[in-house]
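The values are calculated or read from the model by the stated rules, or taken from the named source; none is laboratory data. Model, not experiment: these values are computed from the prediction. Cβ coordinates were reconstructed from backbone atoms using ideal geometry, including for glycine residues, and neighbour counts include every protein chain displayed.
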Amino acid sequence: MTRPDKKISRYNPKHTAVVAVLGVVLAVFVVMPLVALLCKIDDKAWQTVFSGGQFGTALLNSLVTTLTATVISVLLAFALAWAISRTAIRCKELFSTLFVLPMLIPSISHGLGLINLYGNNGLLTLLFGTQSHLYGYVGIIYGSVLYSFPVAYLMFVDILRYEDSTVYDAADVLGISKWRQFVHITLPYLKKTLISVFFTVFTLIITDYGVPIAVGGKVKTLSVLLYENAVGQLDYSAGAVIGLFLLIPAVAACLIDFFNKSTDKVSFVTKQFSTDKQRVRDGLGYTVCALASVLVLSVILPFLVQAFTVSYPTDMHFTLQHFTDTLAGHNGWYFLLNSVLMALLTAFVGMATSFLVAYCTARLRTPLTKALHAISLLSLAIPGLVLGLSYIIVFKASFLYGTLTLLILANTVHFFASPYQILYNALLKVNVNLESVGQVLNVPRYRIVTDCIMPQCRSSLAEAFSYFFVNSMMTISAVAFLSTNDNQPLSLLINQFESYNMIECATVVALLILTVNVLMKTAIYFVKKRAAHA
Amino acid sequence: MGVLMNNEQTVKLSVQHLTKHYDNEGANAIEDISFDVFDGEFLSILGPSGCGKSTVIKILIGLLAPTSGRIFKDGQDITDWKISKRGMGIVFQNYALFENMTVRQNIEFALRLNKETKPTAKAVTDDLLDKFNLTEHADKKPSNLSGGQQQRVAIARTLAMKPDLILFDEPMSALDASTRLELCSEIKRVQREFHTTIVYITHDQEEAFSLSDRIMVMSTAQIRQLGTPQEIINHPADDYVKSFVCDNLAKKIDSLNAIVGGGNDKA
């Protein structure tokens, strides 16, 4: 009697081994640098940070600006999401595209845009002959709102799309007022998302140094203090102490998101909202959307004007000189290609890694699956600045330092959690029995994955690719610590040009990044459209 | 109704003292169950949700390992065999079709990967498409088919690998009443035409009684009765079998009579 040698056990040992290896790799690149960061902190570092008095002020500044900007950003985003999902206004696609444009340029560009408008020589400042009040709290809050509201908007739009309208129909029949419907139906439905949005936006703003460094003036925030200590003075220990404080809200946001996982977002909608025309409601929708569009365009359009005019706003003659200066004179071509290469490689590596990990956590039953899932989400809790600092502490002495590989690695880890979640959710939706069918039909698992599962996840894979690419193109956080003069990404030139008062060149860089990212988003839009019709 | 059973029939599958215990559950999912399936037989495993019938089928195909007990097929102990070596096929309740492939590709995919030549794979696929009235749908994706058509594709795909025993895991749960009737006769036809042995999981008494040569009634991890439909109707082993099977069937028949009678009255 022949007896095939393979034994069945509750957990497939090969699967457990793959999950264990992935877990170790992620732990090495996510957890180990954080441990190294914590180990770097000594008594002297605490003294350095706390003795100057700068820390307390920076902490207070961070809290004031972040809390204010978060509240404004969340309210604005909710109003926009409501207008898009619950009114019958026209041009919704156009508005939605405009609202997410700020996500395609580095945060520091928003500061730059505000300087163009409200700075000492800004268009509006000169037009009205007033004094600029931009630099300081106002600038940081204004820029942070611009930078963060698109993220909140996308989260709100997503949850509002899944709300069932039947309950509102029932409330109408019962004669419950719209206001009470909002308080007793909408708000409870959105409660978990609201908390999640609030913490995500709070973390995004408090860990960003781009906006405050551009328009903060004398108001210094924690992230700027960290940047100055670690990048400016190369005092990594002091940077590590500040990084620890930036980790707190980020970890809190991550934990809240983890334990707050939506039971409120159902996978089906009994009845979608039908939006019949209503003059007052739609008028309000148009007003909110128009206001936000003006906010976004007022920052981005001047880039175009400034990049193509001799000396904005005093000499408005058309020129391409700023492009020539930036691309040829300051070696911009080299850095642009370097950025695109880095973003493309990050997108490929990131998409492949996040798919592999998501496949393991979503579709393999092993005793280590939950741990791998938790480590994968942990990267969400590490701000880019802190990650960059951790990586420089760990890799400064290694052969990886100064290489493109390290930048790709840092970006992959930095942006890992969101694409991972997208792919994890997509893989959970694929029929659970496909691999079993493969086993019965004697089809190797990898063929089931490549031939059946990946094509079904094409849209999510494209989304993951785009997420890694766009964010790698515009990031200024982790890469600020890890790049050298030879391999620095284009985005870092903005800060450099700005510090030399070469505003036109900085504008050209922002425009180039925006163009590349818009092209990528457009390509992904068509890929997803094709996938939907396939 | 099916083949007359007698002592001369060959045993295709023999299940001996099968027990399954899940770590996170106190009670056993199945408790020391033994039964035989004869060659060419249609055996239904009938029971309510959670009685352990799906666990049995998963262990038979090899997706779950038993805590104890052995499974013999054609006299060979296959308890530890790889799934693909067992010569069994399975049709899942949710079809598990390859959504990105056409009907033809769904059937051909495994054949090509199992090193069938292209002409052979095509010939087998064409034959199955024809036998299941799917030729006109060959180039459609599963999402463009009805539930019944999708289930027929799933059966055809399973048959392409020429299994000598097919397991059906509640294949009609997601279908409407008229499609169920249609598919019932389709499955019987498959059994006759392909001379296949079938183990069929269901919680529906009508399905079990209309399709099976023998029925195995299960509850709470154990076999309550194994016999032909007539034996179960005429001599239920205990109160549970009587209530779950016979009384439920009787109620359904009464309801049908009432509906038909009501209709006649109105007419």
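For every residue, the table says whether it meets (1) modelled with pLDDT of 90 or more; (2) closer than 30 Å to residue A:185 by Cβ.
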{"position": "A:83", "(1), (2)": "yes, yes"}
{"position": "A:88", "(1), (2)": "yes, yes"}
{"position": "A:100", "(1), (2)": "yes, yes"}
{"position": "A:108", "(1), (2)": "yes, no"}
{"position": "A:128", "(1), (2)": "no, no"}
{"position": "A:134", "(1), (2)": "yes, no"}
{"position": "A:138", "(1), (2)": "yes, no"}
{"position": "A:144", "(1), (2)": "yes, no"}
{"position": "A:151", "(1), (2)": "yes, yes"}
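Among the residues of this structure, residue A:421 does not count as one that is in contact with an Asp or Glu (Cβ under 6 Å, 6 or more places away or on another chain), within 16 Å of residue A:359 (Cβ to Cβ) and of a type outside the set (Phe, Trp, Tyr).
Could you list all residues from segment A:103-114 that are crowded, with 24+ Cβ neighbours inside 10 Å and in a helix (DSSP H, G or I)?
Residues satisfying the conditions are A:107, A:108, A:109, A:110, A:111, A:112, A:113, A:114.
Looking only at segment A:218-253, how many residues end up being free of Cβ contacts under 8 Å to residues at least 24 places away in the same chain and more than 18 Å from residue A:480 (Cβ to Cβ)? So the answer is 1.
Looking for whichever is assigned to a helix (DSSP H, G or I), within 14 Å of another protein chain (Cβ to nearest Cβ) and among the β-branched types (Val, Ile, Thr) here; the options are A:443, A:413, A:449. Which one fits? Of the residues listed, the single one that is assigned to a helix (DSSP H, G or I), within 14 Å of another protein chain (Cβ to nearest Cβ) and among the β-branched types (Val, Ile, Thr) is A:449. Only helices (runs of 4 or more DSSP H) whose full extent lies in segment A:196-261 are considered here, and the ones with at least 1 residues that are surrounded by fewer than 20 Cβ atoms within 10 Å (Cβ to Cβ) are A:236-259. Only one of (1) surrounded by fewer than 17 Cβ atoms within 10 Å (Cβ to Cβ); (2) among the aromatic types (Phe, Trp, Tyr); (3) within 30 Å of residue B:206 (Cβ to Cβ) fails for residue B:95. Which number is that? For residue B:95, the failing item is (1). A single member of B:43, B:97, B:64 is under 15 Å from the mean Cα position of the chain (by Cα) and not aromatic (Phe, Trp, Tyr), and it is B:43. Are any residues in segment A:463-488 more than 13 Å from the chain's Cα centre (by Cα) and at pLDDT 95 or above, and if so, which ones? Across segment A:463-488, the qualifying residue is only A:465.
Within segment B:185-214, residues that are without any contact (Cβ under 8 Å) to a residue 24 or more places away in the chain and outside any loop (DSSP other than H, G, I, E, B) have Cβ atoms under 9 Å from residues that are surrounded by 16 or more Cβ atoms within 10 Å (Cβ to Cβ) and among the charged types (D, E, K, R) in these pairs: B:189/B:131, counting only partners at least 6 apart in sequence or on another chain.
Can residue A:429 be described as within 14 Å of chain B (Cβ to nearest Cβ), surrounded by fewer than 18 Cβ atoms within 10 Å (Cβ to Cβ) and of a type in the set (Lys, Arg)? So residue A:429 passes the test.
For first residues located in segment B:162-182 and among the hydroxyl-bearing types (Ser, Thr, Tyr), partners that are part of a loop (DSSP other than H, G, I, E, B) and crowded, with 19+ Cβ neighbours inside 10 Å and lie 6+ apart or on another chain with Cβ distances below 9 Å form the pairs B:179/B:172.
Yes/no matrix, rows are residues, columns are (1) within 30 Å of residue A:208 (Cα to Cα); (2) in contact (Cβ under 8 Å) with a residue 60 or more places away in the chain; (3) part of a helix (DSSP H, G or I):
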site	(1), (2), (3)
A:159	yes, yes, yes
A:175	no, no, no
A:184	no, no, yes
A:192	yes, yes, yes
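What about residue A:461, is it within 14 Å of another protein chain (Cβ to nearest Cβ) and closer than 27 Å to residue A:31 by Cβ?
Yes, satisfied.
Exactly one residue out of B:170, B:99 is at pLDDT below 95, among the acidic types (Asp, Glu) and within 20 Å of residue B:43 (Cα to Cα): that is B:170. The sole residue among A:271, A:220, A:261 that is modelled with pLDDT of 85 or more and charged (D, E, K, R) is A:220.
Of all the listed residues (B:183, B:159), the sole one being under 30 Å from residue B:108 (Cα atoms) and at pLDDT 90 or above is B:159. Residues in segment B:158-181 that are buried (at least 22 other Cβ atoms within 10 Å of the Cβ) and either among the small types (Gly, Ala, Ser) or over 15 Å from the mean Cα position of the chain (by Cα) (or both): B:160 alone.
Selection of strands (runs of 3 or more DSSP E) fully inside segment B:36-143 by the criterion of at least 1 residues being in contact with a Ser or Thr (Cβ under 8 Å, 6 or more places away or on another chain) and facing chain A (nearest Cβ under 10 Å) returns B:88-91. Considering A:441, A:492, A:512, the condition of being within 30 Å of residue B:102 (Cα to Cα) and either modelled with pLDDT of 95 or more or surrounded by 17 or more Cβ atoms within 10 Å (Cβ to Cβ) (or both) is satisfied by A:441 alone. Within segment B:2-35, the set of residues being in a loop (DSSP other than H, G, I, E, B), surrounded by 19 or more Cβ atoms within 10 Å (Cβ to Cβ) and modelled with pLDDT of 90 or more is empty.
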